[in-house]
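Each remark here refers to the structure printed beneath this line.
No value in this document is a laboratory result; all are computed from the given coordinates. In this text the structure is predicted, and so the values were computed from the model without any measurement. Glycine gets a Cβ as well: all are built from the backbone with ideal geometry, and neighbour counts include every protein chain shown.
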Amino acid sequence: MMSSSQNYIVSATRIRPYVRSKNPRLRWSEELHKSFVLAVERLGGEDRATPKMILQLMDVKGVTISHVKSHLQMYRSMKHEQMIHGM
């Protein structure tokens with residue numbers, strides 16, 4: 001039998017439901033990715049570049065700030081992994 005404190009912990013650990021984004025998924029083609037990388041480099045690298053500035057430099061119809069935010073997060077993670085493994 002659970003004590004009241006254990007019951008509280010179970011009920012307090014609810015998982016937030018997944019909410020699908022309103023934006024359609026974007027396929028990052030090689031050309032689109034190159035445009036992204038060029039914008040990041042012009043802004044001083046992945047640590048200095050902001051999604052808003054990248055989006056403005058890319059100037060590609062259909063690409064939203066949320067697309068760029070997600071891609072920048074993945075790009076930073078990939079660069080970090082490369083630094084750790086000395087690539």
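Neighbours of G62, meaning other residues whose beta-carbon lies under 15 angstrom from its beta-carbon, give a summed charge of +2 when Lys and Arg score +1 and Asp and Glu score -1. Of all lysines in the structure, those lying under 18 Å Cα to Cα from K34, and not within fewer than 8 positions of it along the same chain, are K52, K61, K69, K79.
Ellipsoid semi-axes for the chain, based on the Cα gyration tensor and the rule √(5λ), read 38, 19, 11 Å when sorted largest first. 3J(HN,Hα) couplings calculated from phi for the range 45-61 with the Karplus curve 6.51 cos²θ - 1.76 cosθ + 1.60 (θ = phi - 60°) are, in sequence order, x, 5, 7, 9, 5, 10, x, 5, 5, 4, 4, 5, 5, 5, 6, 10, 5 Hz; Gly and Pro show x. Simple rule: put +1 on each Lys or Arg Cβ and -1 on each Asp or Glu Cβ in the chain, find the dipole, and look at G62, G44, Y18; the Cα lying farthest toward the positive end is Y18. With the highest mean first, a sort of the peptides 34-46, 15-27 on other beta-carbon atoms found within 10 angstrom per residue produces 34-46, 15-27.
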